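The values are calculated or read from the model by the stated rules, or taken from the named source; none is laboratory data. If you're wondering where the values come from, they're calculated on a predicted model, not measured in any experiment. Here Cβ is always computed from backbone atoms with ideal geometry, including for glycine, and neighbour counts include all displayed protein chains. With ligands, DNA and RNA removed, areas are computed over all heavy atoms of the protein, side chains included. Shrake-Rupley method; radii C 1.70, N 1.55, O 1.52, S 1.80 Å.
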Amino acid sequence: MALAGSVGAAVPVKVAAVCGSLRKASYNRGLLRAAIELSKGAIERLQIEHVEIAALPMLNTDLEEEGRFPAEVEAFRQKILEADCFLFASPEYNFSVSAPMKNALDWASRPPNVWGGKAAAIVSAGGSLGGGRGQFHLRHIGVFLDLHFINKPEFFLNAFQPPPKFNPHTGDLIDEDAKLRLKEVLLSLKAFSLQLQPRT
């Protein structure tokens with residue numbers, strides 16, 4: 001017979017993973033694929049779903065009718081609402097987040113904001129700073145959205161510094177040290193999510 005509280009403890013933490021790059025072999029998408037693989041074996045009770053954003057129309061409030069959003073937006077918002085926390089893989093475009101990422105953030109923040117009150121983490125791969133300036137901007141946006149980002153560990157990955165970090169054809173993460181660092185991010189995200197939303 002299950003002890004009191006054991007059922008809640010066994011429920012997985014549901015993570016909605018969002019990538020700001022739409023390119024199939026994107027290194028940032030590769031980070032999410034690696035995170036999903038880690039959640040299946042190396043980390044217990046963590047369930048990561050990659051929530052696609054390519055189908056979202058550009059934000060236009062004329063598309064909202066009688067409190068309803070376009071079907072693609074409704075489906076996206078529901079995924080965000082059902083998640084316990086978020087993992088953003090955010091490439092840096094012009095010192096900021098990408099247009100698809102900002103568009104997704106904006107659609108899910110339309111009243112009622114479905115981001116608020118939950119834990120989040122950011123990972124990125126890119127040039128010399130590994131997407132760090134884009135992460136900084138995303139953290140600023142998250143303040144208004146009431147997102148609660150983990151502060152440590154941070155994850156920036158210089159994708160072009162030897163030895164190779166990704167498979168150049170598929171975008172899959174192949175660097176074992178980076179995988180270990182990514183695991184630490186996921187463990188921190190899980191712990192912070194449970195701190196904000198304790199299981200009963």
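For the stretch 30-50, the set of residues classified as of a type outside the set (S, T, N, Q), buried (at least 20 other Cβ atoms within 10 Å of the Cβ) and closer than 23 Å to V114 by Cβ consists of L32, A35, L46, I48, listed by residue number. Within the stretch 103-123, the only residue that satisfies the criterion of being closer than 20 Å to L196 by Cα and aromatic (F, W, Y) is W115. Residues that are buried (at least 20 other Cβ atoms within 10 Å of the Cβ) and part of a loop (DSSP other than H, G, I, E, B) within the stretch 65-97 comprise A83, D84, S90, P91, E92, V97, listed in sequence order.
The single condition from (1) farther than 24 Å from A191 by Cα; (2) surrounded by 15 or more Cβ atoms within 10 Å (Cβ to Cβ) that W115 fails is (1). Condition check: over 26 Å from L194 (Cα atoms) and surrounded by 15 or more Cβ atoms within 10 Å (Cβ to Cβ). Does L56 satisfy that? Considered against the rule, which asks whether it is over 26 Å from L194 (Cα atoms) and surrounded by 15 or more Cβ atoms within 10 Å (Cβ to Cβ), L56 comes out as yes.
Summed over the stretch 158-178, the residues that are open to solvent by less than 60 Å² (accessible area, probe 1.4 Å) and part of a helix (DSSP H, G or I) give a count of 1.
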